[in-house]
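Below is one structure, written out as structure tokens; comments come after it.
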Amino acid sequence: MREPVGFPGPLAAWQDGRVDGVRPGGRRSYWLREALADDPGEPCPPLAGGTEADVLVLGGGFTGMWTAYFVTEREPEARVVVLEQDICGGGPSGRNGGFVTSWWDELPDLVSAHGDAGALAVCRAGDDTVRSIGEWCARHGVDAWFTPAGYLAVASSPAQEGAWLQSTADAARLGVAGAWTPLTADEVHARCASPAFGGGAFSPGGAIVQPARLARGLRRVLLERGVRIYEGTPVRRFRAGPPAEAETPGGIVRSPRAVIATGAWTGGWPAFRRSLVTFTSYIVLTAPAPERLAEIGWTAGEGIADVRFSLHYFRTTPDGRIAFGGGGGRVADAAAVGPRFTEDAESADRAAAGLRRLFPNFDSVPIEDAWGGPIDVSPTHRPFFGTLPSGNAHYGLGYTGNGVGPCHLGGRILSALTLGIEDDTTALPFVRPEPRRFPPEPIRTIGAHVAREALVRADAAADAGRSLGRAMGFAASLPRRFGYPIGPEP
């Protein structure tokens, strides 16, 4: 395994490219800076010398830390070691949009893949995770701004109207209509009166958090439980064994059991290269303007996303900012995570343009920050969990931009797999799934570029009220033509 390159630290130099005068990529996300300023936490120096553990966790993001937490719940005496190349929460866990949601909006694809019972089990597990994170924050005194105001999907152009109808119909057919309910345009505007919004759908089982506060709070609780965390400790080579061995610049960790929780970076590992494609996702953050939020009635704290193929996702903060993100960023090589991921001004600029289009009453409000990085996209558009052939090393990957809630569920799954426990989480259909892979190179990367460009153009055409040409429409439908649940139906 190659030594990974971490996210830029607070002293990294600015690069060319600005979004409303803000250059993305030159410092840590606003979330992480705010969380560290509130509580920098106990130091966790790099590993110096060899050590042994009962469970070795690679990665100090949400998946790795939740796994360590649930291992200590189930076996309090277990010696758990977490290795993190940067600081805990320094990667995607500290820079995402902070949406804590289930999969009700993906119900048709879930039913197609796993049947009614499997789809319901997945969505109900997701809802339980949202509740559990809120309860966990209250129990451990973690102020992660947990706001259980629900999740709202909206049409931001006429072409998107009704995109949720199959999923809401499936919810009604399965007897859970209240979990995912269609809304009229008036009902949407009662929650957030953007002039671009039409109808939509609502799930009461959604929440938003300050993700870096959640990550750093989780880190604190792990340290209190005796988990050994080594930050600034990249893994240069990993051997599953058994025993598993992780070679770092300061020494080797040996353990009979291991968990791989390295997210988008795992896309560079040969064993997972065809299981993941790595895209960028970017967020822009406005200055505080609570009076502008009051003008449009967006005061309850719902997390909102439109239903574009390269969706926009947006939420508010306690001091009245909008954090506005955009998917469909660049395709890049996960084997070399660097400036192409973290300094992508083009993707940040598209997010800023989306913010200005959907919220014109924020036109005069400055954008004060912009940041982004990689997301690991799976062939199913959902995470998958399994075990390497060695039998002692387990993995959870492919969150596809929806990780805050699923990583908590992933921690439960991986702790059970690690400890040899079979329960309701290990029975979920994305645990030990039948292999689903992307095509080999160079088809994988070329196809991802073509599909990404087509989907971005399709969304831009819809936003402008234009029709998409036949050739580009065909290209946008290619993922679904090949069995991947991304983009329009052929």
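State yes or no: is residue 205 assigned to a loop (DSSP other than H, G, I, E, B) and either open to solvent by 30 Å² or more (accessible area, probe 1.4 Å) or more than 28 Å from residue 93 (Cα to Cα) (or both)?
Numbers: assigned to a loop (DSSP other than H, G, I, E, B): yes; either open to solvent by 30 Å² or more (accessible area, probe 1.4 Å) or more than 28 Å from residue 93 (Cα to Cα) (or both): no.
For residue 205, the condition - assigned to a loop (DSSP other than H, G, I, E, B) and either open to solvent by 30 Å² or more (accessible area, probe 1.4 Å) or more than 28 Å from residue 93 (Cα to Cα) (or both) - is not met.
Just one of the numbered conditions (1) open to solvent by 30 Å² or more (accessible area, probe 1.4 Å); (2) assigned to a strand (DSSP E or B) is not true of residue 81: (1).
For (1) hydrophobic (A, V, I, L, M, F, W, C); (2) touching a residue at least 60 places away in the same chain (Cβ under 8 Å); (3) closer than 21 Å to residue 437 by Cβ, each residue gets a yes or a no:
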{"site": "374", "(1), (2), (3)": "no, yes, yes"}
{"site": "379", "(1), (2), (3)": "no, yes, yes"}
{"site": "387", "(1), (2), (3)": "no, no, yes"}
{"site": "391", "(1), (2), (3)": "no, yes, no"}
{"site": "395", "(1), (2), (3)": "no, yes, yes"}
{"site": "398", "(1), (2), (3)": "no, yes, yes"}
{"site": "401", "(1), (2), (3)": "no, yes, yes"}
{"site": "415", "(1), (2), (3)": "no, yes, no"}
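Among the residues examined, residue 143 does not qualify as in a helix (DSSP H, G or I), of a type in the set (D, E, K, R), modelled with pLDDT of 95 or more and surrounded by fewer than 20 Cβ atoms within 10 Å (Cβ to Cβ).
If I filter region 211-223 for residues that are outside any helix (DSSP H, G or I) and modelled with pLDDT of 95 or more, do I get at least one hit?
Our first condition is that a residue be outside any helix (DSSP H, G or I); within region 211-223, this holds for none.
No: zero hits.
Of the residues 115, 126, 178, the single one that is in contact with a Pro (Cβ under 9 Å, 6 or more places away or on another chain), within 20 Å of residue 315 (Cβ to Cβ) and not basic (Lys, Arg) is 126. Identify, please: which residue in region 348-367 is open to solvent by 10 Å² or more (accessible area, probe 1.4 Å) and assigned to a helix (DSSP H, G or I) and is, among those, farthest from residue 459 (Cα to Cα)? Here the residue is 361.
Given the structure, is residue 288 at pLDDT 95 or above and more than 30 Å from residue 459 (Cβ to Cβ)? Before you say what the answer is, go through the steps one by one.
Working: at pLDDT 95 or above: yes; more than 30 Å from residue 459 (Cβ to Cβ): no.
No, not satisfied.
Would you kindly identify the helices (runs of 4 or more DSSP H) lying entirely within region 371-490 that contain at least 3 residues that are surrounded by 20 or more Cβ atoms within 10 Å (Cβ to Cβ)? Explain how you work it out, then say what you get.
Numbers: elements: 404-419, 443-463, 470-476, 478-481.
Of the helices (runs of 4 or more DSSP H) lying wholly inside region 371-490, those with at least 3 residues that are surrounded by 20 or more Cβ atoms within 10 Å (Cβ to Cβ) span 404-419, 443-463.
Applying the criterion of being of a type in the set (Ser, Thr, Tyr) and more than 19 Å from residue 71 (Cα to Cα) to the residues of region 227-254, the residue that is surrounded by the most Cβ atoms within 10 Å (Cβ to Cβ) is 233. For region 437-453, does any single residue satisfy the condition of being touching a His at 6+ places or on another chain (Cβ under 6 Å) and not aliphatic (A, V, I, L, M)? Within region 437-453, none of the residues are touching a His at 6+ places or on another chain (Cβ under 6 Å) and not aliphatic (A, V, I, L, M).
Going by what's in this entry, would residue 156 be described as over 26 Å from residue 408 (Cα atoms), at pLDDT 95 or above and buried (at least 24 other Cβ atoms within 10 Å of the Cβ)? If you could, list the steps in order and put the result at the bottom.
Working: over 26 Å from residue 408 (Cα atoms): yes; at pLDDT 95 or above: yes; buried (at least 24 other Cβ atoms within 10 Å of the Cβ): yes.
Judged against the criteria, residue 156 is a match.
Of the listed requirements (1) among the polar types (S, T, N, Q); (2) in contact with a Lys or Arg (Cβ under 8 Å, 6 or more places away or on another chain); (3) within 17 Å of residue 62 (Cα to Cα), residue 160 misses just one: (3).
Selection of region 306-325 for residues being touching a strand residue (DSSP E or B) at 6+ places or on another chain (Cβ under 8 Å) and part of a loop (DSSP other than H, G, I, E, B) yields 307, 310, 311, 317, 321.
Would you mind stating whether residue 274 is surrounded by fewer than 18 Cβ atoms within 10 Å (Cβ to Cβ), within 22 Å of residue 403 (Cα to Cα), modelled with pLDDT under 95 and in contact with a helix residue (DSSP H, G or I) (Cβ under 8 Å, 6 or more places away or on another chain)? Steps first, answer last, please.
Working: surrounded by fewer than 18 Cβ atoms within 10 Å (Cβ to Cβ): yes; within 22 Å of residue 403 (Cα to Cα): yes; modelled with pLDDT under 95: yes; in contact with a helix residue (DSSP H, G or I) (Cβ under 8 Å, 6 or more places away or on another chain): yes.
Taking the combined requirement at face value, the residue satisfies it.
Of all the criteria given as (1) closer than 30 Å to residue 240 by Cα; (2) touching a strand residue (DSSP E or B) at 6+ places or on another chain (Cβ under 7 Å), the one not satisfied by residue 270 is (2).
The values are calculated or read from the model by the stated rules, or taken from the named source; none is laboratory data. Because the structure is a prediction, the values reported are computed rather than measured. Cβ coordinates were reconstructed from backbone atoms using ideal geometry, including for glycine residues, and neighbour counts include every protein chain displayed. The protein model used for the area step is the full one, side chains on, heavy atoms only, and it has no ligands, DNA or RNA in it. Shrake-Rupley method; radii C 1.70, N 1.55, O 1.52, S 1.80 Å.
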